[in-house]
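Colleague: Can you keep this structure in mind? I'll have questions shortly.
The values are calculated or read from the model by the stated rules, or taken from the named source; none is laboratory data. As the structure is a prediction and not an experimental result, all values here were calculated from the model. Positions of Cβ are generated from backbone atoms using ideal geometry, with glycine treated the same way; all protein chains shown enter the neighbour counts.
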Amino acid sequence: MKEYPPRVQVDEKGRAIGPIEYAYAHQKERSGERERHMVINGFIFEDASEENLLVQSRGGKEISGGQGKLDISFGGHFHWVNGKAESMKDVAKQRVQEELFYKKPLPDLEFILIEEFLKQTREFDKEYVCFLKTHYPGPFFMNPSQMTGASFQKIDFILEEIRKNPEDYTRAIRLELPRYIEMRG
């Protein structure tokens, strides 16, 4: 089994408690209660109009779930490093670098916090989500071990496709895109 760095266990308000091993956060084979842990999810819009959202197609050898499904622009876990949780900005930069600027310099992106919330879409998966957005028109340099593609799509089109074919999309985008649209008004 692949070794993962410690994740960040949090309380119901998102306050870091300490490090937690990957198996206690996610591993489906482990029986019993999973521990709440902190993740980052984000949207990259093509521009400030926020009409077009970057959607990635999950795939590659490093992806353990959601193979072939369409997903949010970027996402991942906070790690426990040097006795503390990584900062939100550092995690956002790392995930975007790893997923969308593979072996290329990361542009100067402004990450804007949309909201933080508890998410438990499955019995065994408890997450505290830091939900961010940024604007960048591309180009992108996708990591082939994590995704098979990414493209900007119109928000209305994505919402309609999620309604018609929810099985083609990850839980994250099915939950967070409508939530964001409702908040945006």
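Colleague: Are any residues in region 162-174 closer than 21 Å to residue 59 by Cβ and either surrounded by fewer than 16 Cβ atoms within 10 Å (Cβ to Cβ) or not small (Gly, Ala, Ser) (or both), and if so, which ones?
Modeller: Within region 162-174, the first condition is being closer than 21 Å to residue 59 by Cβ, and the residues that meet it are 162, 165-174.
Listed by number, the residues that qualify are 162, 165, 166, 167, 168, 169, 170, 171, 173, 174.
Colleague: Might you check whether a residue that is of a type in the set (Val, Ile, Thr), at pLDDT 95 or above and out of contact with any Phe, Trp or Tyr (no Cβ under 6 Å at 6 or more places or on another chain) occurs anywhere in region 110-117?
Modeller: The answer is yes, given that some residue of region 110-117 is of a type in the set (Val, Ile, Thr), at pLDDT 95 or above and out of contact with any Phe, Trp or Tyr (no Cβ under 6 Å at 6 or more places or on another chain).
Colleague: Counting only residues that are among the small types (Gly, Ala, Ser) and outside any helix (DSSP H, G or I), which one in region 147-172 is nearest to the chain's Cα centre (by Cα)? Please lay out each step first, then the result.
Modeller: From region 147-172, those among the small types (Gly, Ala, Ser) are 149-151, 172; that's our starting set.
The next check asks that each one be outside any helix (DSSP H, G or I); those that pass are 149-151.
Numbers: 149: 16, 150: 14, 151: 16 Å.
Among those that are among the small types (Gly, Ala, Ser) and outside any helix (DSSP H, G or I), it is 150.
Conditions (1) part of a strand (DSSP E or B); (2) touching a Lys or Arg at 6+ places or on another chain (Cβ under 8 Å), marked per residue:
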site: 76; (1), (2): yes, yes
site: 90; (1), (2): no, no
site: 93; (1), (2): no, no
site: 97; (1), (2): no, no
site: 103; (1), (2): no, no
site: 110; (1), (2): no, no
site: 114; (1), (2): yes, yes
site: 145; (1), (2): no, yes
site: 174; (1), (2): no, no
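Colleague: Return the residue satisfying two criteria in turn: it lies in region 20-69 and is part of a loop (DSSP other than H, G, I, E, B) and hydrophobic (A, V, I, L, M, F, W, C), and of such residues it is modelled with the highest pLDDT.
Modeller: This residue is 48.
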